[in-house]
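Worksheet for the structure shown next.
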């Protein structure tokens, strides 16, 4: 089991490719509060719901100083199609070998239809301007998660 992150811990550094094949690193995100969320697979029902909830909340999140970044194991071309199909306005990063998922504790054992498997643990992290974790949430539900997150962060709809 990968170690879980907690508030106050430094966010693990990373460099991944976005939906357009551009390199994005944690250092590039510094200076603004970041909502970094890990989801199982682009264009699946739950992941689409969650991504669209972030899309629909982006104005209020950005107004409160947050940027949103999604991470999955999907290749950049699939992320580009997902972003285009659903009008997503935030970066989607590709972590095909799940190394960044591992570093954030967003990969591990879970139960799927009564079977124990290894895979993505739907998780969200809020990273402060200096690169420290200010909130870590594991095993979140796709539906309603963004609304709960906004309440926790004090961000109006």
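Of note:
- Screening residue 89 with (1) under 30 Å from residue 156 (Cβ atoms); (2) touching a strand residue (DSSP E or B) at 6+ places or on another chain (Cβ under 7 Å); (3) assigned to a loop (DSSP other than H, G, I, E, B) gives one miss only, at (2).
- Yes/no for residue 125 being touching a residue at least 40 places away in the same chain (Cβ under 8 Å), more than 19 Å from residue 26 (Cα to Cα) and either in contact with a strand residue (DSSP E or B) (Cβ under 9 Å, 6 or more places away or on another chain) or surrounded by fewer than 19 Cβ atoms within 10 Å (Cβ to Cβ) (or both): no
- The numbered conditions (1) touching a strand residue (DSSP E or B) at 6+ places or on another chain (Cβ under 7 Å); (2) surrounded by 15 or more Cβ atoms within 10 Å (Cβ to Cβ) are all true for residue 142 except (1).
- Any pair with Cβ under 8 angstrom, 6 or more apart, that starts in the stretch 131-157 at a residue that is farther than 19 Å from residue 7 by Cα and ends at one that is at pLDDT below 95 and surrounded by fewer than 13 Cβ atoms within 10 Å (Cβ to Cβ): 147/157
- Against the numbered list (1) in a strand (DSSP E or B); (2) at pLDDT 95 or above; (3) surrounded by fewer than 18 Cβ atoms within 10 Å (Cβ to Cβ), residue 69 comes up short only at (3).
- Against the conditions (1) outside any helix (DSSP H, G or I); (2) surrounded by 14 or more Cβ atoms within 10 Å (Cβ to Cβ), residue 130 satisfies every one except (2).
The values are calculated or read from the model by the stated rules, or taken from the named source; none is laboratory data. Bear in mind the structure is a predicted one, so any value in this text is a computation, not a measurement. In this analysis, Cβ positions are derived from the backbone assuming ideal geometry, glycine residues included, and neighbour counts consider all displayed protein chains.
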